[in-house]
Amino acid sequence: MVLSLDTWFWWHGYWFPPGYTWEDMKESESISYPKPQDLLHIIPYVLLLVGVRYLFQRFIARPLGRKLGVRDKVLLNAPPNPVLEMFYTMHSKKPKELISLSKQCDLPTRKVERWFRYRRNQDKPSLTTKFCSVRGMFLTFSDYTVSLQKPWFWDLRECWVGYPQQRSVYWYYMMELTFAFSLTFTMAFDVKRKDFKEQMLHHATTIILISYSYCANYLRIGSLVMLLHVSSTVLLEVGYSLRSSSPVPCILFCYR
């Protein structure tokens, strides 16, 4: 049963276009092809990138933000209230029935409403946090550096699957996968956006497609597709920065 599943999974009809099989990817001393086990190489790279990003945000981005004039707004904290805090945590952050809560706390309805507004403001990330959490677009430069030097960038007829793996393209794929995995792992600690679920689905799809492209040796056409997607990501990040109540994060975007 296990053998039949393994044979079905690695059937060349799923992985290659018509006319190509795994036999066309035999290695020699001077020729190498991508292998699925190569994807395990990204594990230390992901840990390294997460550590570098943490150090960058703490020791570079935060001081840079202060020098650029990023200042957090002074917000009033909600006074301690166990009843309202319990309701805020367990039920709703925007209660509709304020009368019952005001009776339980022996407070006017207006004060209860104000308490929830202050409490919601406490959970919002500060401007400094948003400034530090803008993700770098350093991949864009590396994408163009790798792609512009390759013949298939200028001639799509060179994008077939039978070519051996080049070292620069290998590192390009490892870098893209590392970046996608690191974003997936750190999303729980970053500024939580409204499209959190959509972003998780996007990162999971990206990882699956890049891994499939690498294992099936679609490296050339895959590198062009990644170049296209990363280029559009630049516009999305700029739009998010401008929407973060201050255009200052765009300055960090340019530096990163």
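The values are calculated or read from the model by the stated rules, or taken from the named source; none is laboratory data. This structure is a prediction, so every number in the text was calculated from the model and none was measured. Cβ atoms come from the backbone with ideal geometry, glycine included; neighbour counts cover every protein chain shown.
Just a few scattered comments:
- Qualifying residue in the stretch 166-179 (condition: under 30 Å from A61 (Cβ atoms), of a type in the set (K, R), modelled with pLDDT of 80 or more and part of a helix (DSSP H, G or I)): no
- Positions within the stretch 179-211 being among the polar types (S, T, N, Q) and within 14 Å of V230 (Cα to Cα), in sequence order: T206
- Test: residue in the stretch 192-203 that is of a type in the set (D, E), modelled with pLDDT under 80 and in the same structural domain as L39 (by TED's automatic domain parsing): yes
- Counting the residues of the stretch 33-62 that are in contact with a Phe, Trp or Tyr (Cβ under 6 Å, 6 or more places away or on another chain) and not β-branched (V, I, T) gives 1.
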